[in-house]
Amino acid sequence: MELQTDEDVPGAVPVESIQGSAYEEKMILKWREPAQTYGIITQYEISYKTVSSFDPELDLSNQSGKVLKHANETSHIFLGLYPGSTYSFTLRASTAKGYGPPVITQFTTKISAPSMPAYDQETSLNQTDSTVTVLLKPAQSRGAPVSGYQVVVEEERPQRARRGAAEILRCYPVPIHFQNSTVLNSQYYFTAEFPAVGLQAPQPFTVGDNKTYSGYWNVPLLPQKSYSIYYQAVSTANGVEPIHGARNLEVVDVQSKQVTVRWEPFGYNVTRCHSYNLTVQYRSRVAGKDETREEVCYDTLGRDPQHTIHNLTPNTNLSVKLVLKNPEGVKESPEMELQTDEGRGSMESRDGSYRQNEDVPGAVPVESIQGSAYEEKMILKWREPAQTYGIITQYEISYKTVSSFDPELDLSNQSGKVLKHANETSHIFLGLYPGSTYSFTLRASTAKGYGPPVITQFTTKISAPSMPAYDQETSLNQTDSTVTVLLKPAQSRGAPVR
């Protein structure tokens, strides 16, 4: 005899299967059917309500509802939600016998950029040769309170394209001080920042008054230039982190001491006109020591954003990654391994490793140069440069006499040049003159040329005077108590005879 048990209410929807994709005013909810259906699923019921919001003015009682979905539908798009709000979703499945146990989960919508007041191309309140006074109006929060206001100055460049409607949403998320704008080749700079509590009602502000606001110098404007003044509001709230980090990081240029990297431009869904910053972190090993450095990337809004890392050491392994941060979170790009190497004018890849160009070497360490002085010779020793920037090919040592204890010495005849192989770090200079100071100029070279020279001086020892020959001559005169002899002058060698 064959039997079939009766249908029953289903088990719970697996809570780990519920996924929520949050946006500013909508939420996409996805789930899987219960592991134990105990029959045929007929429908799903999702109840939702607001439990909290970053915006203290939101009426939470108006944000609730219920949705029924067919058995073959395991997702739903909730529209008309409020930005920056946490919603509780209660989900349960049913069979012909009724609903199974509910599962509850929560997701938070993204905050929106503050709604800026209309200006209708208003003119300035007052204008001088170096200042412009404008009216600042408070913004309307959307999902989170306005945390601050920023005034941005942008210099109008010649032949600049006319601004269209697409630029209405433009914002300036990367703060740049006036002092850095020239170095970074930035068209804009932040001239002031105010906390939201300081702007509860419309008030005038003078751009170019030469004061400092929250660390930003409100530098006087130049009368011969044209400027655009922008005013933006900023909102921040917990739990709103970047959707993803920088993508498709690649090396686009390699020179002797710098590397340029490029990445995929961020979309509005990443930046969202909220405050954020992008940095490049790179690790290297120089002179046996591990170094980690971080630089701010200011080119984040362009069509082909890129950043150049300067002052690198050739022939050094690098690990590079980009880090996207906002006040609520951090997202990193995959780390990329680089190897700097020789070969100016070309950039080759070996098994995915980029190789950087060779360069002229650093200076020979002056403290490593040792001179062992004798009467007519000098032994010079040194070490290779601490920064070779490639393969040392040879050393060049130029020498000349700069002074002598012997006033009769012709200094112009005491000079020369010596070339040494890369594996030779010493040389014996012969035929020098006693009691003379020699200047030695030493420099190393790679295939790219000579590095900076170092100069040092050493002095040869003086020699004993050269005595004249006497050939066993007899005395000139002799008595019982005296002897008369002939004294001849000696020849000095490196120092006058006293």
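The values are calculated or read from the model by the stated rules, or taken from the named source; none is laboratory data. Being a predicted model, the structure only gives us computed values, none of them experimental. Cβ: placed from backbone, ideal geometry, glycine included. Neighbour counts: every protein chain shown.
Couple of notes before you dig in:
- Enumeration of residues in the stretch 1-35 that are within 40 Å of the chain's Cα centre (by Cα) and part of a loop (DSSP other than H, G, I, E, B): Ile18, Tyr23, Glu24, Glu25
- Enumeration of residues in the stretch 356-406 that are touching a Pro at 6+ places or on another chain (Cβ under 8 Å) and polar (S, T, N, Q): Gln356, Asn357, Gln387, Thr388
- Note on the stretch 81-106: residues that are touching a Lys or Arg at 6+ places or on another chain (Cβ under 8 Å), more than 10 Å from Ser47 (Cα to Cα) and without any contact (Cβ under 8 Å) to a residue 60 or more places away in the chain total 1.
- Every pair of residues 6+ apart whose Cβ atoms lie under 9 Å, when the first sits in the stretch 165-179 and is farther than 22 Å from Asn210 by Cβ and modelled with pLDDT under 70 while the second is buried (at least 18 other Cβ atoms within 10 Å of the Cβ) and not hydroxyl-bearing (Ser, Thr, Tyr): Leu169/Ala113; Leu169/Cys273; Arg170/Cys273
- The stretch 202-240, subset in a loop (DSSP other than H, G, I, E, B) and among the hydrophobic types (A, V, I, L, M, F, W, C), residue modelled with the lowest pLDDT: Val240
- Exactly one residue out of Ser445, Ser415, Ser436 is over 52 Å from the mean Cα position of the chain (by Cα) and either closer than 23 Å to Ile379 by Cβ or modelled with pLDDT under 90 (or both): that is Ser436.
- Answer residue from the stretch 300-330, given it is buried (at least 18 other Cβ atoms within 10 Å of the Cβ) and assigned to a loop (DSSP other than H, G, I, E, B) and is modelled with the highest pLDDT among those: Pro305
- Every residue from the stretch 91-103 that is surrounded by 18 or more Cβ atoms within 10 Å (Cβ to Cβ) and among the hydroxyl-bearing types (Ser, Thr, Tyr): Ser94, Thr95
- Selection within the stretch 190-210 - of a type in the set (Asp, Glu) and over 14 Å from Gln150 (Cα atoms): Asp209
- Contacts under 9 angstrom Cβ, first residue in the stretch 478-496 being under 29 Å from Thr460 (Cα atoms), partner β-branched (Val, Ile, Thr) and part of a loop (DSSP other than H, G, I, E, B), 6 or more apart: Pro489/Val497; Ala490/Val497; Gln491/Val497; Ser492/Ile462; Arg493/Ile462; Gly494/Thr460; Gly494/Ile462; Ala495/Ile462
- Out of Ala201, Ala196, sole residue that is over 28 Å from the mean Cα position of the chain (by Cα), buried (at least 18 other Cβ atoms within 10 Å of the Cβ), on the phi < 0 side of the Ramachandran plot and in contact (Cβ under 8 Å) with a residue 24 or more places away in the chain: Ala196
- Test: residue in the stretch 2-12 that is in contact with a Gly (Cβ under 6 Å, 6 or more places away or on another chain) and of a type in the set (D, E, K, R): yes
- Scanning the stretch 104-148 for residues that are among the aliphatic types (A, V, I, L, M) and surrounded by 14 or more Cβ atoms within 10 Å (Cβ to Cβ) turns up Ile111, Ala113, Met116, Val132, Val134, Leu135, Leu136, Ala139, Ala144, Val146.
- Annotation note: of Ser53, Ser88, Ser61, the sole residue that is over 41 Å from the mean Cα position of the chain (by Cα), on the phi < 0 side of the Ramachandran plot and surrounded by 12 or more Cβ atoms within 10 Å (Cβ to Cβ) is Ser88.
- Residue in the stretch 439-455 that is part of a strand (DSSP E or B), farther than 30 Å from Ile309 by Cα and polar (S, T, N, Q) present: yes
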